[in-house]
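**Student:** Would you mind keeping the following structure in view while I ask a few things?
The values are calculated or read from the model by the stated rules, or taken from the named source; none is laboratory data. Computed from a prediction, not measured in an experiment: that's the story for all the values here. Every residue, glycine among them, receives a Cβ derived from its backbone with ideal geometry; neighbour counts consider all protein chains shown. Note: areas computed on protein heavy atoms with side chains; ligands, DNA, RNA excluded. Shrake-Rupley method; radii C 1.70, N 1.55, O 1.52, S 1.80 Å.
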Amino acid sequence: MNKRFLIAAGGTGGHFYPGFSLGRLLNKQGNSVLFVVRRADVAAHVLEEYGIKFQEIDFCALTRSVNPLKYISFFFKFIRALRQTCAIIKTFKPDVVIGTGGYVSFPLLFMAHLQGIKTAAHDSNTKIGLSNKICSYFTDLFLLGLPINKKIRHSVLVGTPIRREFAVPFDRRKILQDLGLNPDFKTVLIFGGSQGAKALNQALIETVKRLIAENEALQFIHISGECWYQTISRGYGKVKRVQVLPYSNEIYDLMHSCDLVVCRSGAGTIAELVYCKKPSVLVPLPTAAANHQYYNAKVLQSVGCAALVQEGEHLQERLYTAMDRLLTSANDISLETMKENFAKLNLPDPLTSSERIAELLKKL
C-alpha cells in the first residue's frame with residue numbers, strides 16, 4: 001500500500017542529499033512525496049530540475065548573537081514557520097513525516113508529532129545536530145548515518161543515502177582524457193564543501209605546485225567552487241597537470257577516477273568516500289556546528305582509511321606532509337592498504353541506505 005511522505009530537507013548538502021535520494025526512491029515506488037525547504041534554499045533548484053514537488057517555509061537557524069532583537073526576530077519567524085507547517089500538513093495529509101537534519105526539520109517534526117502523525121529523523125553525522133537532538137525525544141524512529149557514542153531511543157544505523165549515479169559504470173581513461181589529463185598518472189581530486197573552503201583552497205595551491213615539481217607522474221583535479229574559480233586559476237598560473245573546475249555535476253565520475261581525495265569531511269562526502277573506497281586527506285571545516293566534521297573524519301582515520309589534517313597554523317606545510325607521504329612512489333602500498341581498511345568500518349552500504357530507510361518508514 002502506497003503512502004504519503006512529507007520530507008524536510010535542505011540547508012547544506014549533507015542535510016539535503018540524503019532526503020533527496022530517499023524522496024526519489026519513494027516516488028519511484030509509487031508513493032506521494034512532498035518536500036519542505038526553507039525559503040530561497042538552493043535545494044529548491046535541484047527539486048525543480050527533477051520535477052519533485054516542494055513547498056517553502058520562512059524559517060532560520062537559532063541565532064547565537066547576544067543582541068536580544070535577533071532573538072525576538074527568531075521567535076516571530078518560528079511562530080510563522082509553525083503556522084506554515086500546520087497548513088502544509090493539513091493540506092497534504094502525510095502518513096509519515098521525515099526530517100534529515102538542519103533547523104528546517106524541527107517545526108515540521110514537532111507539529112506532526114503534536115497531531116499524532118508518525119515521525120522519523122535522519123542524522124548523517126557522528127555528532128547529532130541541535131535540531132535533531134531535540135527531535136530525538138519525540139520521534140518514532142531515529143535513523144543514524146554514522147555510529148554515535150550516546151544512545152538514542154528508537155535509533156537504527158542505516159547509513160547515509162547517496163545518489164544512484166555513483167553506481168553507474170565509469171571509464172577512468174575517458175574521464176581523465178576528456179579533462180586533458182593522463183589516465184596513466186596518479187590523480188588527486190580536491191574539493192571543498194557547500195559551506196566554503198577558502199583556507200583550504202589557498203593552502204593547496206602552493207602544496208600542489210610543490211608536489212608536481214617533485215613528481216612527474218602526478219596530476220590534480222581541483223574543484224574550486226564558483227566564487228573561487230578565477231582566484232584559484234590565477235594562483236596556478238601556467239602550471240601543467242592541474243585541471244581547475246568551478247563545479248562538477250559528475251563528482252561521482254571524478255571520485256571513481258582518482259587515487260586520492262583531499263576534501264572536507266561533511267557527512268555526505270564521508271558516505272561517498274565509503275562507497276567508492278577512496279583514500280583521503282580530510283580537512284574538517286573548523287566552523288561546523290559542534291565541530292561535527294572533525295568527528296566524522298575521525299571515523300575514517302580510526303581505521304586507517306584517511307589522514308586527518310586540522311585547519312589552522314601551518315596548514316600548507318601539514319597538507320604537503322600528509323599528501324607527500326601517501327603519494328610518493330615508495331609508499332604505493334599506503335593507498336592500497338587504506339582502500340582495504342574500509343572493510344573494517346562495517347557500515348551499511350550508502351547505495352542501499354534509501355531502500356533500508358524506506359522499508360523502516362513503511363512499517364511505522
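**Student:** Please go through (1) of a type in the set (Asp, Glu); (2) more than 18 Å from residue 335 (Cβ to Cβ); (3) surrounded by 15 or more Cβ atoms within 10 Å (Cβ to Cβ) for residue 226 and return the number of the only condition it doesn't satisfy.
**Tutor:** (3)
**Student:** Looking at 23, 13, can you tell me which residue is of a type outside the set (A, V, I, L, M) and in contact (Cβ under 8 Å) with a residue 40 or more places away in the chain?
**Tutor:** One residue alone meets the criteria, 13.
**Student:** Among the candidates 19, 51, 23, which residue alone is on the phi > 0 side of the Ramachandran plot, modelled with pLDDT of 75 or more and open to solvent by less than 80 Å² (accessible area, probe 1.4 Å)?
**Tutor:** Just one listed residue meets the conditions, 51.
**Student:** If we only count strands (runs of 3 or more DSSP E) wholly inside region 174-272, which ones have 1 or more residues that are within 19 Å of residue 307 (Cα to Cα)?
**Tutor:** 186-191, 218-223, 260-263
**Student:** Could you figure out which of (1) part of a helix (DSSP H, G or I); (2) in contact with a helix residue (DSSP H, G or I) (Cβ under 9 Å, 6 or more places away or on another chain); (3) open to solvent by 30 Å² or more (accessible area, probe 1.4 Å) isn't true of residue 321?
**Tutor:** So the condition that residue 321 fails would be (2).
Residue-wise test of (1) within 18 Å of the chain's Cα centre (by Cα); (2) surrounded by fewer than 18 Cβ atoms within 10 Å (Cβ to Cβ).
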{"residue": "177", "(1), (2)": "no, yes"}
{"residue": "188", "(1), (2)": "no, no"}
{"residue": "200", "(1), (2)": "yes, no"}
{"residue": "203", "(1), (2)": "no, no"}
{"residue": "209", "(1), (2)": "no, yes"}
{"residue": "231", "(1), (2)": "no, yes"}
{"residue": "234", "(1), (2)": "no, yes"}
{"residue": "242", "(1), (2)": "no, no"}
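**Student:** Take the residues of region 59-82 that are at pLDDT 70 or above and surrounded by 13 or more Cβ atoms within 10 Å (Cβ to Cβ): which is farthest from the chain's Cα centre (by Cα)?
**Tutor:** Keep residues of region 59-82 that are at pLDDT 70 or above, which gives 75-82.
From what's left, surrounded by 13 or more Cβ atoms within 10 Å (Cβ to Cβ): 77-78, 80-82.
Numbers: 77: 27, 78: 26, 80: 29, 81: 25, 82: 27 Å.
Ranking the candidates gives 80 first.
**Student:** So, in region 39-48, of the ones that are in a loop (DSSP other than H, G, I, E, B) and open to solvent by 50 Å² or more (accessible area, probe 1.4 Å), which residue ends up modelled with the highest pLDDT?
**Tutor:** So, considering only residues that are in a loop (DSSP other than H, G, I, E, B) and open to solvent by 50 Å² or more (accessible area, probe 1.4 Å), the one modelled with the highest pLDDT is 39.
**Student:** Right, next: For residues that are touching a residue at least 60 places away in the same chain (Cβ under 8 Å) and of a type in the set (A, V, I, L, M, F, W, C), scanning just region 121-152, find the one that is most open to solvent (accessible area, probe 1.4 Å).
**Tutor:** 130
**Student:** So residue 363 fits all but one of (1) surrounded by fewer than 17 Cβ atoms within 10 Å (Cβ to Cβ); (2) within 30 Å of residue 2 (Cα to Cα); (3) in contact (Cβ under 8 Å) with a residue 60 or more places away in the chain; (4) of a type in the set (Lys, Arg); what number is the exception?
**Tutor:** (3)
**Student:** Let me ask another. Here are some residues: 269, 287, 337. Which one is at pLDDT below 95, open to solvent by 30 Å² or more (accessible area, probe 1.4 Å) and under 23 Å from residue 186 (Cα atoms)?
**Tutor:** Matching residue, one of 269, 287, 337: 337.
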